[in-house]
Structure formats: structure tokens, C-alpha cells
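The structure appears right after this line, and notes come after that.
The values are calculated or read from the model by the stated rules, or taken from the named source; none is laboratory data. Predicted model, so just to flag it, every value in this text is computed and none were measured. Cβ sites come from the backbone with ideal geometry, for glycine too, and all protein chains shown count toward neighbours. Only protein heavy atoms, including side chains, enter the accessible area calculation; ligands, DNA and RNA are left aside. Shrake-Rupley method; radii C 1.70, N 1.55, O 1.52, S 1.80 Å.
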Amino acid sequence: MSYSYECEIFEGAAFCARWGINEGAALGRLRDLSLGDRYALASQSAPSHLTLELGPSIRLKAVTGPASATLSQNSSLIVEGALKLMATDSELVTALVLHTGRTVLLLPLNPMRLEMEYTLIAVDPDANALRMSELVTGCFAPGARVTLGDGRLCPVETLTTGQMLRTRDHGPQPLRWIGRVTARAHGSFAPVTFAAGCMGNLGPLTVGPLQRIFLYQRSEERLGTQAEILVQAQYLVDGRRVLQREGGYVDYFSLVFDAHQIIYVEGIPVESMLVSRATRDRLPAELAQDLAKRFPQLNQHAHFAQELSAAKVIEGLRATLLPDKEK
């Protein structure tokens, strides 16, 4: 079985070391990289759009943009591994390194800014599952209890389609689709666990690192321009009340409604999975095909709440969002 994956990439020549052992050199193969080196995309860099066919191997179906001059249609691509990078403002970015022949490509899994310097902090040669390139939002681990329409709590792994779940903005809504994936609990897939009560949650809550938590700001001093914000779970990790675990495997459940919703899990508001073409293409093939059949338009609109960036979740804010009851 094979399926298509669309992505934007940069040629390795556009991502050059500005400081470190490889200063002045363009991104090369994993064996040539050195932790601590600082890289940046040149100001004139432009991404290329690739359509890949993923199956037993990865083949290039189409390419538009600067890389079209160096990449040949139907050529094979190899995923060498993943890079973990930290920007000067502490934002973390994961990117895959691919190569075809002598051409090295960079596939960012998070948006990257031109001229921003990124320090190479980790290299993972085992991260070669392109179709699992990034966790979608709306991912909950087994045991997370979801609020039903009648107020009862139900573990996410026992939910069935058609059940009515409570939503923040639209009352009880029928659950239309449940996705389940198993991933190595490593890097971008390592689960985040909130201890019971640290955010008002009724019990321990384990979610995917990109799962966004809904927060309503009651005071006039607001982060951003709106009272309602969404913050990724990974930004709230403090090493004590909110932990990120690596090792072994983890199951993630995704919940889909007719429209994107804010639901309640362990009593706190979180977002459901947002159905879009990008969502579909980041799922394993069998789940992607099932989702596409059920939602052929793939046109859900995101909740109007404002997303909070990593740069704004500083230590002081994290302490405010996670009040320490021991003090």
C-alpha cells in the first residue's frame, strides 16, 4: 500500500552553519554534523513543494520550486534521520534530513524562520518514519477520561462513534471518528503527563506533546490579543508537575466531530482533532484513508482561540498556569 505526502523542503545548501565546527558549510549528511553548531536559512531561501509516494520506498512524484533544477521525478529519497534544533528565542524545531544521490534536503516539521539561528541540539538517526512525521493535535493516551454529553466520564479507549460528548461552545455533539496510532515514545512523539490537579484536571492526564490546552484569561493583562488562548502541552513541561516521558511505545487516540471542537478531558478544556488535508497526510495510510472517506471535504475551521507560541511560555508564566499547591 502506498499513498501521497505533500511537503515543503529546503535544499541543504540553503541551511548553512553560521558558527561552530562546520562554520561556513551547508547542511550535510548526519555523519558530518556536530552538536552545538548554529545554522540559519539564508534570507533569500525559498522552499520547494514536493509530492512524495510513500510505500516500501519513498519516491518523488512531483516537485515545484528551486529544487526542480536538481531533483528528478520518480527518483528515490532516503530519510537519514531527524534533527532537533533550538532557535535563539528557545523555540524548538524538528526537521528531517533526506537525500537523493548527492543532494541533501531539509524537511522542517515546524515552521522555520529565515535568518533565525538554530542550534543543533540532537540528532536521531532512527527517525525515519516519514508518514508519522508529526503528531496531529487532539491526541490522548489511554486512561484519559472524556466528558460525555450527560456529564459522565468515559476513558478515551472505550469511546464509540455516535456517542454524545460535551463541547464548550456547542453543547453535546456526536463523536464521528476515532483514530488510534501507536508510536515510539521518543522525541516529537514523547507523551506529556499532567499530574492530577495541576491544571484543575481531575486525574492524571497524558496527551501528545502537540495537544493544545484551552485557557481563558479572566484578567485584563492578557497574553496575545484575545482572552481565549491555546497552548501546546510540551510548552508546559516543568520537570515536576508536568513531565515528558521517553522510552517504549505509546498509543494515541484522536477524536473528530462534524466541526472542530473544544471538549473536556479530565475536566479541563482541550481541542479535538482538526480535520484538514495536512492532518490526513500526517497519519498512517490506513487511518488517513478512513478519515478521508468520512470527511471528504477536509475543510474544518480551527477554533478562534489564539495559539500561544513557545517564546511566550516563559518560566514565570508556566508557574502561573501551574500553581504550586505545596507552597
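Here is how the numbers come out for the structure above:
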| read-out | value |
| --- | --- |
| Accessible carbon and sulfur surface of the stretch 29-124 relative to its total accessible area, %, 1.4 Å | 51 percent |
| All-pairs Cα distance distribution in the stretch 1-123, expressed in whole percent, bin size 5 Å | 2, 12, 22, 25, 18, 12, 7, 2, 0 |
| For the stretch 11-75 and the stretch 235-269, distance of Cα centres in Å | 32 Å |
| In order through the stretch 64-81: 3J(HN,Hα) via Karplus (6.51 cos²θ - 1.76 cosθ + 1.60), integer Hz, x for Gly, Pro | 10, x, x, 6, 5, 7, 10, 9, 10, 4, 6, 6, 8, 10, 10, 8, 7, x |
| Förster radius 25 Å - calculated FRET efficiency between GLU157 and ALA196 (Cβ-Cβ, nearest 0.05) | 0.85 |
| Amide H contacts of ILE268 (H built 1.01 Å from N, under 5 Å, at least 5 apart or other chain) | LEU202 |
| Shape call, the stretch 53-94: gyration tensor on alpha carbons, a/c limit 1.5 | oblate |
